[in-house]
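Working notes, beginning with the structure itself.
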Amino acid sequence: MKRTEIITKLTLMVVLLGCINSCTDLETTLYSELTPDTEYTTENTQIAAILTAYAPLAGSYGNNGYFEVQELSTETSAAPAKFGPWDDGGIWARLHRHEWENNAWFINNTWNMCFSGIATCNRLIEEFEATLEDPTEAVNELRALRAFYYFTAMDLWGDVPLVTSFAEAEASPSRTPKAEVYNFITSEFEDLITQLPADVGGQYYGRWNRWAAMGILARVYLNAEVYTGTPQYQKVLDLTQQIIDGGQYSLVANYMDNFTIDNTGSSENIMVVVQSKTSGGQFNMHMRTLHPLNRATYNFTDGPWNGYTALEEFYNSFDDADNRKEIFITGQQFTSSGEPINDPNGAIEVDSQGNSDPDGTPLIFTPYINELFPFAFSQSGARIGKYEFENGIALAMDNDFPIIRFSEILLMRAEALWRSGGNMTEAEELVRQVRERAGLAAISPLTEDALYDEIQRELAFEAQARTIMIRFDRFTSTWWEKTITDPNKNVFPIPTAQLNGNPNLTQNPGY
C-alpha cells in the first residue's frame with residue numbers, strides 16, 4: 001500500500017467518482033448517514049474524511065480537466081483530430097488554438113475540481129472545530145489544501161469567489177478581486193508553514209506538510225508579478241533556501257524514477273496526487289496518448305484512444321543526449337512478444353490536403369504531425385510516455401502525479417536569482433545540477449530562452465506548461481497551428497454552467 005493506513009486508499013477509491021459536482025454555490029452533498037458527532041471518533045475516520053477533500057484532484061490531474069487546460073493549450077502538446085475518435089466536433093483543436101468555448105467540458109470540470117474541493121474543506125473545517133477536542137492538525141491540513149485550490153482557481157480565472165465558510169456560505173457568491181484572493185492564499189500558507197508537520201512519507205504521503213506548503217507558496221510568489229504586478233523574488237529565494245537546507249528532499253539519480261508505476265519512494269516528489277489503478281479510470285494517460293493497437297504492446301484490457309501527442313518543435317527542443325527525452329514514445333511499435341505492429345488504416349488515410357501517410361501500414365510514431373484538424377494521420381506525433389505504463393492494466397494507472405518536485409525548487413530559485421539580478425553563479429549552478437542529472441553540460445551565460453526551455457523540459461507534462469508560459473510572457477505568442485495572440489486568453493472564461501447557476505458571477509473580459 002502507498003500509505004501506512006489502508007483506509008487512505010479505500011477512502012479515495014470510494015469518493016473519487018462522486019465528488020466532482022457542479023459547485024457554483026460552493027455546497028456539497030454528504031454521502032454518509034453518519035453525523036459529525038459520531039463519524040470522527042477515531043483517527044482513521046478523521047483521515048478518511050480529510051481525504052474526501054483531496055479526491056477532486058485525482059480526476060482532474062488524471063486527465064479530466066486540469067491537465068488539458070494546462071498542457072494542450074500550450075506549445076508542448078495537442079490532441080490532433082486523428083482518423084477515428086479524436087475529432088469531438090473540433091473541441092481539441094479549439095483548445096490548442098485558443099478558440100475554446102465558454103462551456104468546454106475541461107474548463108467546467110476544472111472549475112468544479114477547485115470549488116468542490118474548497119466546499120469540502122470548508123465543511124470539514126467547521127465540523128472538526130465543532131466536534132474534535134483538538135482539531136488543530138486536521139484543520140491546518142484542510143486550510144493548506146483549500147489555499148491550494150484557491151491558487152489553482154486564481155491562476156486559471158483571476159477573480160473568483162472567495163468563500164471560507166460552509167454553513168453560512170452565500171448561495172450565490174460574487175467574484176472577489178484577484179488581489180484579495182492572492183492575499184488570502186499567501187497569508188494562509190505563511191501562517192501554516194510553521195504549523196504543518198515536518199514529517200515526510202508514511203501517513204503524510206500525498207498530504208500537506210510544511211515542505212509542500214513552502215514549495216507551493218514559492219510558486220505563488222514566483223508568479224506574483226503576473227497576479228499582482230509586484231514581483232516577490234526575495235520571498236522565493238527565502239522559501240527555496242529553507243527547503244534546500246531542510247535536507248528532506250533531493251534529486252533522484254534517474255529522472256524517470258519520479259514517474260514509475262510505484263513512485264512512492266522518490267526522494268524528489270514533495271507533493272503528489274495519489275492515484276490508483278482500481279479507481280475506475282482517474283489517471284489514464286496510457287488510454288489518451290497511445291494508439292489502439294498499442295493494446296498488444298502492453299497487454300492492456302482495452303484499446304487506447306489515440307489522442308494526446310507532443311508537438312514536433314517541443315520534441316526537437318530536447319537534445320538527443322538529454323535522457324529526459326525518454327518521456328516520448330516514437331518509432332516502430334511492437335507487440336509484447338516483439339512482433340512489429342501494422343496499422344491497415346495507415347495505407348489508406350488521406351489528409352485535408354490530399355497527402356497520404358508516408359509511413360503506410362507499419363505503426364510508426366513520428367514527431368511530425370501533418371495537421372491538427374480535421375485529418376491528422378493516426379500514427380503522427382510523439383506520444384507521452386513520461387508516466388510508466390504498467391503491463392495488463394485497465395483504464396486507470398497507479399502512478400502518483402507529481403504536484404511539485406525538488407528539481408522545481410532548484411529551478412525556481414535559479415529563476416528568482418536570474419530575474420532579480422542576484423548571484424548568477426549560483427543560478428547557473430542550480431540549473432547545472434538539473435541538467436547534469438539529464439546528462440547535459442552546464443549553461444553559461446544563463447539567458448531567458450535557455451532558462452525557459454530548461455524549465456519546460458524538466459517539468460514537461462506535469463500540468464504546469466501554461467502557467468510557465470504566462471510568467472515568461474509567451475502564452476500570447478504564436479506556435480504550430482496557433483495564431484491568436486489575445487491577452488484575454490491568459491485566463492479562461494467563467495464556465496457557462498456556473499454563470500447559469502449563479503446570477504452574481506460575471507464573465508471575464510473578451511468572452
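I need the full set of residues from the range 360-381 which are surrounded by fewer than 19 Cβ atoms within 10 Å (Cβ to Cβ), touching a Ser or Thr at 6+ places or on another chain (Cβ under 7 Å) and without any contact (Cβ under 8 Å) to a residue 24 or more places away in the chain, in order please. Once the filter is applied, which keeps residues that are surrounded by fewer than 19 Cβ atoms within 10 Å (Cβ to Cβ), touching a Ser or Thr at 6+ places or on another chain (Cβ under 7 Å) and without any contact (Cβ under 8 Å) to a residue 24 or more places away in the chain, the range 360-381 yields nothing.
Looking only at the range 358-378, count every residue that is assigned to a loop (DSSP other than H, G, I, E, B), of a type outside the set (D, E, K, R) and either closer than 18 Å to Ile91 by Cα or within 28 Å of the chain's Cα centre (by Cα) (or both) and tell me the total. Talk me through it step by step, then tell me what you get.
First pass over the range 358-378, keeping only residues assigned to a loop (DSSP other than H, G, I, E, B): 358-361, 363, 367-375, 377-378.
Filter once more, so that each one left must be of a type outside the set (D, E, K, R): 358, 360-361, 363, 367-370, 372-375, 377-378.
Those left that are additionally either closer than 18 Å to Ile91 by Cα or within 28 Å of the chain's Cα centre (by Cα) (or both): 367-370, 372-375, 377-378.
Total satisfying the criteria: 10.
Have a look at Ser336, Ser352, Ser317 and point out the one that is exposed (fewer than 15 other Cβ atoms within 10 Å of the Cβ), under 24 Å from Trp480 (Cα atoms) and among the small types (Gly, Ala, Ser).
None of the other options fit; the residue is Ser352.
Taking helices (runs of 4 or more DSSP H) as the structural unit, those lying wholly within the range 17-116 and holding at least 2 residues that are at pLDDT 90 or above and surrounded by 21 or more Cβ atoms within 10 Å (Cβ to Cβ) correspond to 43-61, 91-96. Filtering the range 416-437 to residues that are on the phi < 0 side of the Ramachandran plot and either touching a residue at least 24 places away in the same chain (Cβ under 8 Å) or of a type in the set (Gly, Ala, Ser) (or both) leaves Ala416, Leu417, Trp418, Arg419, Ser420, Gly422, Ala427, Gln433, Val434, Arg437. The conditions of being farther than 18 Å from Leu505 by Cα, surrounded by 14 or more Cβ atoms within 10 Å (Cβ to Cβ) and touching a helix residue (DSSP H, G or I) at 6+ places or on another chain (Cβ under 6 Å) are not met by Tyr150. Just to verify a result, which residue in the range 251-291, among those that are within 25 Å of Pro80 (Cα to Cα) and either assigned to a loop (DSSP other than H, G, I, E, B) or charged (D, E, K, R) (or both), is farthest from the chain's Cα centre (by Cα)? My answer is His291.
Answer yes or no: is there a residue in the range 484-491 that is acidic (Asp, Glu) and out of contact with any Gly (no Cβ under 7 Å at 6 or more places or on another chain). No: the range 484-491 contains no residue that is acidic (Asp, Glu) and out of contact with any Gly (no Cβ under 7 Å at 6 or more places or on another chain).
With respect to the stated conditions, Arg419 is part of a helix (DSSP H, G or I), more than 23 Å from the chain's Cα centre (by Cα) and basic (Lys, Arg). Listed by first and then second residue, the pairs with beta-carbon distance under 8 Å, at least 6 apart or on different chains, first residue in the range 438-467 and under 18 Å from Ala416 (Cβ atoms) and at pLDDT 95 or above, second among the charged types (D, E, K, R) and assigned to a loop (DSSP other than H, G, I, E, B), are Tyr452/Arg474. In this structure, Leu145 does satisfy being in a helix (DSSP H, G or I), closer than 24 Å to Gln70 by Cβ and within 23 Å of the chain's Cα centre (by Cα).
The residues in the range 148-162 that are in contact with a strand residue (DSSP E or B) (Cβ under 9 Å, 6 or more places away or on another chain) and either within 15 Å of Asn122 (Cα to Cα) or at pLDDT below 95 (or both) can be counted, and the count is 4. Count of the range 192-219 residues, restricted to those that are touching a Lys or Arg at 6+ places or on another chain (Cβ under 9 Å), assigned to a helix (DSSP H, G or I) and in contact (Cβ under 8 Å) with a residue 60 or more places away in the chain, is 4.
Checked against (1) without any contact (Cβ under 8 Å) to a residue 12 or more places away in the chain; (2) under 21 Å from the mean Cα position of the chain (by Cα), Asp398 passes all but condition (1). Quick check on the range 207-215. Is at least one of its residues more than 18 Å from Glu408 (Cβ to Cβ) and at pLDDT 95 or above? Yes: the range 207-215 contains one or more residues that are more than 18 Å from Glu408 (Cβ to Cβ) and at pLDDT 95 or above. Here Met271 clears all of (1) under 18 Å from Gly206 (Cα atoms); (2) out of contact with any strand residue (DSSP E or B) (no Cβ under 6 Å at 6 or more places or on another chain) except the condition numbered (2). Applying the set (1) at pLDDT 95 or above; (2) closer than 23 Å to Leu499 by Cβ; (3) in contact with a Pro (Cβ under 9 Å, 6 or more places away or on another chain) to Glu170 leaves exactly one unmet item: (1).
Does Leu411 satisfy the criteria of being farther than 30 Å from Asp302 by Cα, of a type outside the set (Lys, Arg), in contact with a Leu (Cβ under 6 Å, 6 or more places away or on another chain) and assigned to a helix (DSSP H, G or I)? So Leu411 fails the test.
Can you tell me how many residues within the range 220-244 are in a loop (DSSP other than H, G, I, E, B) and either surrounded by fewer than 18 Cβ atoms within 10 Å (Cβ to Cβ) or more than 19 Å from the chain's Cα centre (by Cα) (or both)?
First pass over the range 220-244, keeping only residues in a loop (DSSP other than H, G, I, E, B): 223, 229-232.
From what's left, either surrounded by fewer than 18 Cβ atoms within 10 Å (Cβ to Cβ) or more than 19 Å from the chain's Cα centre (by Cα) (or both): 229-232.
Counting residues in the range 220-244 that are in a loop (DSSP other than H, G, I, E, B) and either surrounded by fewer than 18 Cβ atoms within 10 Å (Cβ to Cβ) or more than 19 Å from the chain's Cα centre (by Cα) (or both) gives 4.
Starting from residues that are under 15 Å from Pro495 (Cα atoms) and in a loop (DSSP other than H, G, I, E, B), keep the ones in the range 154-171 and report whichever is nearest to the chain's Cα centre (by Cα). In this case the residue turns out to be Gly158.
The values are calculated or read from the model by the stated rules, or taken from the named source; none is laboratory data. Not measured: the values here are computed from a predicted model. Note that each Cβ is placed from the backbone with ideal geometry, even for glycine, and that neighbours are counted across all protein chains shown.
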